[in-house]
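Enquirer: If you scroll down you'll find the structure; I have some questions about it.
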């Protein structure tokens with residue numbers, strides 16, 4: 001395995017792919033789009049600070065693009081800036097990816113990880129929180145090649161768990177849950 005450069009973080013994309021990025025590469029992506037009138041130096045310093053926070057203080061090597069974006073948004077908001085936000089109508093998560101992350105411990109860490117992911121998605125204030133890949137996720141967790149009664153029971157447990165979490169975690173009542 002190739003070692004990650006000390007000045008890089010792995011950014012986990014929504015499709016499950018991870019891309020190594022340095023703070024300079026992140027700024028190119030941010031400044032490359034309309035910055036909403038924000039000073040490029042301000043963005044550069046904010047991104048470097050957030051990068052340092054994840055890399056040094058939290059000692060993380062991997063971060064999702066969403067986590068990083070929210071952290072930059074929060075840092076800039078504390079400085080009195082508002083960030084133009086794109087469409088947040090649907091917030092989506094791949095259940096298969098969550099299952100692969102929990103593959104060593106199977107269900108033991110899957111359900112707490114699922115609750116955490118739902119919380120992250122709900123913080124974005126979407127109209128719909130969508131979890132896709134349920135069937136593959138269930139087969140992965142059950143260690144099954146073919147659909148079975150155990151798979152059916154696990155599927156029902158996951159959907160019921162998400163419903164219960166949604167009821168207890170959702171702050172705004174207009175948010176819908178979609179599991180497919």
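Enquirer: What full-extension length gain, to one decimal in nm, is calculated for residue 89 and residue 10 as 0.36 nm per residue of separation minus the Cα-Cα distance?
Expert: 25.8 nm
Enquirer: Work out, step by step, the length gained on full extension between residue 45 and residue 120: first 0.36 nm times the residue separation, then minus their alpha carbon distance; give nm to one decimal.
Expert: Additional length available on full extension: 24.5 nm.
Enquirer: What does a probe at residue 147 reach in the stretch 95-136, counting residues whose amide N is under 15 Å from the point 7 Å along Cα→Cβ?
Expert: Correct set: 133-136.
Enquirer: If you stretched the chain out fully between residue 171 and residue 77, how much longer would it get, using 0.36 nm times the residue separation minus the C-alpha to C-alpha distance?
Expert: Here the answer is 31.7 nm.
Enquirer: Further question on the same structure: Separation between the residue 58 and residue 113 pseudo-spin-labels, each 7 Å from Cα along Cα→Cβ, expressed in nm?
Expert: Distance between the two pseudo-spin positions: 1.6 nm.
Read-outs throughout are calculated quantities, based only on the coordinates presented, and are distinct from any laboratory measurement. Everything numeric in this text was worked out from a predicted model, so none of it was measured. Glycine gets a Cβ as well: all are built from the backbone with ideal geometry, and neighbour counts include every protein chain shown.
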